[in-house]
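Each remark here refers to the structure printed beneath this line.
The values are calculated or read from the model by the stated rules, or taken from the named source; none is laboratory data. All values reported here derive from a predicted model rather than from experimental measurement. With ideal geometry, Cβ positions are generated from the backbone for all residues, glycine too; neighbour counts draw on all protein chains shown.
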Amino acid sequence: MKWLAEKDRRKRIQVDIPLQFRLLKAKGSAVKGALTRDISTGGVKFVSDIFLPIMDKLFISIEVSPSKTINILARVIWAATIPHSDRYDIGAEFIGVDEDAAKELKDMVNKI
């Protein structure tokens, strides 16, 4: 995958930022809350209390500042059980980022 090859070139920051996600394939699916573990301009690793299958698409909302939230389309590229827990680490690649959201995300990553 292109994203995996580029992963090391992108600045990844370890940060706990609340996010919300909703499964794209499940119409009327509930919005779930999660917490990032790290984030870059190309994707995010977050902790979820539900398992998300690889290739599932998500709508993700991330608060990049107190007055600005960005919405991004993402695809799950890996998932792993957190040992001794009922939670999962989820890796998602951003696949639908408009120009304004990309700028906001880049600015946030560079500030931290």
Tell me which residues, restricted to segment 55-70, are free of Cβ contacts under 8 Å to residues at least 40 places away in the same chain and either of a type in the set (Val, Ile, Thr) or out of contact with any Lys or Arg (no Cβ under 7 Å at 6 or more places or on another chain) (or both). Pro66, Ser67, Lys68, Thr69, Ile70
Does any residue in segment 32-54 that is in a loop (DSSP other than H, G, I, E, B) come within less than 7 Å, Cβ to Cβ, of a residue that is surrounded by fewer than 17 Cβ atoms within 10 Å (Cβ to Cβ) and among the basic types (Lys, Arg) six or more places away or on a different chain, and which pairs are these? Ser40/Arg10; Ser40/Lys11; Thr41/Arg10; Thr41/Lys106; Gly42/Arg10; Asp49/Arg87; Ile50/Lys32
Looking at segment 55-70 only, could you name the residues that are more than 10 Å from the chain's Cα centre (by Cα), in a strand (DSSP E or B) and not basic (Lys, Arg)? Glu63, Val64, Ser65, Thr69, Ile70
Right, Leu73: of a type in the set (A, V, I, L, M, F, W, C), farther than 16 Å from Ile13 by Cα and either surrounded by 12 or more Cβ atoms within 10 Å (Cβ to Cβ) or at pLDDT 95 or above (or both) or not? yes
What are the residue pairs meeting all of these: first residue in segment 79-106, first residue farther than 21 Å from Ile50 by Cβ and touching a residue at least 40 places away in the same chain (Cβ under 8 Å), second residue of a type in the set (Ser, Thr, Tyr) and in a loop (DSSP other than H, G, I, E, B), Cβ atoms under 8 Å, and 6 or more apart or on different chains? Ala102/Thr41; Leu105/Thr41; Lys106/Thr41
Subset of segment 77-112, residues assigned to a loop (DSSP other than H, G, I, E, B) and surrounded by fewer than 17 Cβ atoms within 10 Å (Cβ to Cβ), comes to Ile82, Pro83, His84, Ser85, Asp86, Arg87, Asp98, Ile112
Within segment 19-31, restricting attention to residues that are in contact (Cβ under 8 Å) with a residue 24 or more places away in the chain and more than 20 Å from Asp86 (Cα to Cα), which residue is surrounded by the most Cβ atoms within 10 Å (Cβ to Cβ)? Leu24
